[in-house]
Structures are given as structure tokens and as C-alpha cells.
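I have placed the structure first, in the form of C-alpha cells, so that the comments after it can refer back to it.
The values are calculated or read from the model by the stated rules, or taken from the named source; none is laboratory data. Given the structure is predicted, the values throughout are model-derived calculations rather than measurements. As a convention, Cβ positions derive from the backbone with ideal geometry for all residues, glycine included, and neighbour counts pool all protein chains shown.
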Amino acid sequence: MVPAGLPVTRSGRLRSPDLDVPWREVEYCVVDVETTGLDRRRDELISFGSVLVRSGRLCVGTSRYLPIRPSRAISESAMTVHGLRRQDLATAHPIREAVEAIRAELDGRVLVAHAAWIEQRFLRRVVPGVRHRRPPVVDTAALLRATGLAQTGTGHEPDLETMASSLGVCIHSPHHALGDALTTGEVLLATVSRLERQTPSLTARALVEISHRHSLT
């Protein structure tokens, strides 16, 4: 049963927006997750943060933070990064109860994340619709490479906070799922504005394709 306060959506594939329109006409769900570790076969989500971009603006009022109770121990290396302990999540919803709330945020929107392959791998494991198809994705790390703001050929993803600082945008609570989602949203708008100067008729599909071309995976 989904607990009170978490929206219920119909199971099945996530709806995809029309991508062949100006990018500002599409809604984007900017996401960050924290996990028990980086083993995608065994590790689990422990927090989900999101914020929507509508009409080319970051809508802070749509911010969502979901702590998630894990069924396994949090690795020491992961705990060092995000600071979440298992006891901090003792009263959080388990993933089976939080999953519909996550689906509701993603449904009908373009997924945005920094180094998005991480979010995709974990979300595919648990969210119906992400698991059965490839939703459109915009990766801010890829956009940074595409605009020349991040170095290419390193084999490493650019650090989110470093890039935000270089762009002069706000850095919100590093290594917190919602804080990083908000920072990623700021970086998204800063990089897309640069792309838009080069391509005034920039579409949502173009953003997805640029991300794909410049992704490390």
C-alpha cells in the first residue's frame, strides 16, 4: 500500500513528451539520488530529490525530497559522501512504497541528471516504465562537454559543484539529493542558454541528442 502523502499513478510505461518542439515548451524533471553504494546489482536507493523545470525556469516550489529506508547496510564509502546512516532512515518509506511517487515526478517529462547514467541505472531497477523503455534523458555533464565548459577525453565526469561555481550559479547543499538536484537544475539552465545562443531554434530532441553524443556511456 502507498502511504498517505505519496501520489498513486497508473502502472506501466512512463509517458514521453513531444520532443520536436522548442525546448522551453517541454517539462523537465531534474533528479539526483543517493544510494547505499555504487554496485547497481546490489545497492539501493536511499534518497531521491527532484525539481521541475517549466517554461525554461527552475520551479523551486516543485522541489521533492524522498528519504527511502534501505534493506541493506550503507557502505562506509557511500556514507562518507552523503552522510546518511541507516538509523537516519529508520522511519522512511521503503522503496516499494516510494516508487509511485517517483514515477509521478518522471511521468511525461524529460529526465535530467548530472552524470545521468548513475540515476538511470538505479531508477531502471525499481521504477516501472524506466525499466521497460529508455525515456528521454538530458545529462548536464554531457552538456558541459558539448559547450566546452568541461574537458573532454578525460574519462571522468566533471564535478557538479566545481562546474556550478565556474558558471556563477547557486550551489545547494552538496551531496544531498535535493540540494544536488537544485544545483543540477541551475547548471542545466546555464548550459542550455549557451547552446541556445548558437541554435536559437533549439528543441528538446536536440538537447537529448546532444546529451547522447557527449555522454561517457
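Selection within segment 135-191: residues that are closer than 14 Å to TRP117 by Cβ and acidic (Asp, Glu). The member of this set that is surrounded by the fewest Cβ atoms within 10 Å (Cβ to Cβ) is GLU157. Only one entry in ARG103, ARG109, ARG69 is modelled with pLDDT of 90 or more, of a type in the set (Lys, Arg) and touching a helix residue (DSSP H, G or I) at 6+ places or on another chain (Cβ under 6 Å), namely ARG69.
Hey, can you tell me all the residues within segment 165-217 that are among the β-branched types (Val, Ile, Thr), outside any helix (DSSP H, G or I) and in contact (Cβ under 8 Å) with a residue 60 or more places away in the chain?
Passing the criteria: THR203, THR217.
On inspection, GLU119 does not qualify as surrounded by fewer than 22 Cβ atoms within 10 Å (Cβ to Cβ), among the acidic types (Asp, Glu) and either modelled with pLDDT of 95 or more or outside any loop (DSSP other than H, G, I, E, B) (or both).
As a summary of the residue check, LEU202 satisfies the conditions (1) closer than 21 Å to THR35 by Cα; (2) at pLDDT 95 or above except for the one numbered (1). Candidates ALA73, ALA78: the one that is assigned to a helix (DSSP H, G or I), over 22 Å from VAL187 (Cα atoms) and either among the small types (Gly, Ala, Ser) or in contact with an Asp or Glu (Cβ under 9 Å, 6 or more places away or on another chain) (or both) is ALA78. Inspection of segment 59-67 finds no residue satisfying the criterion of being surrounded by 13 or more Cβ atoms within 10 Å (Cβ to Cβ), not hydroxyl-bearing (Ser, Thr, Tyr) and not in a strand (DSSP E or B).
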